[in-house]
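To start, the structure itself, in structure tokens.
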Amino acid sequence: MEDPVEAIAHPRRRAMLRLVLDEERAVADLVERTGLSQPATSQHLRVLRDAGLVRVRVDGPRRLYRADPDGLARLRRELDGFWLPALDALKAAAETDETTEEVGER
């Protein structure tokens with residue numbers, strides 16, 4: 001499975017993921033909305049699919065894509081695991097600075 005963080009590192013893939021968050025879209029629609037060629041769009045969608053961020057449904061000759069809620073939840077957990085410890089440390093440092101400043105004012 002492709003790394004979901006690496007998959008969303010590309011701005012075009014993030015744009016495609018936003019487009020399929022709330023509704024299923026055909027590749028042709030994504031081609032039109034992104035301005036990319038059909039092969040480039042399909043390649044980006046393959047990366048998102050391999051990362052578990054989108055699902056594909058075949059409807060006759062069309063491939064329809066939609067965000068995968070489970071994949072997005074995994075991505076969220078991974079990003080939270082990356083950012084939350086750093087944000088907690090920053091909050092603690094800011095609170096320590098505020099306490100130090102308040103003591104110094106007295």
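Quick look at the values:
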read-out: Of all residues in the range 80-106 being closer than 17 Å to Val5 by Cβ and surrounded by fewer than 10 Cβ atoms within 10 Å (Cβ to Cβ), the one that is modelled with the highest pLDDT; value: Gly81
read-out: Residue among Asp22, Asp70, Asp50 that alone is surrounded by fewer than 16 Cβ atoms within 10 Å (Cβ to Cβ), modelled with pLDDT under 95 and of a type outside the set (S, T, N, Q); value: Asp22
read-out: Which listed residue, of Ala9, Ala40, is modelled with pLDDT of 95 or more and either in contact with a helix residue (DSSP H, G or I) (Cβ under 8 Å, 6 or more places away or on another chain) or on the phi < 0 side of the Ramachandran plot (or both); value: Ala40
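The values are calculated or read from the model by the stated rules, or taken from the named source; none is laboratory data. Here the structure is a predicted model, which means the values were calculated and not measured. When we count neighbours, we look across all protein chains shown, and the Cβ atoms used for this are built from the backbone with ideal geometry, even at glycine.
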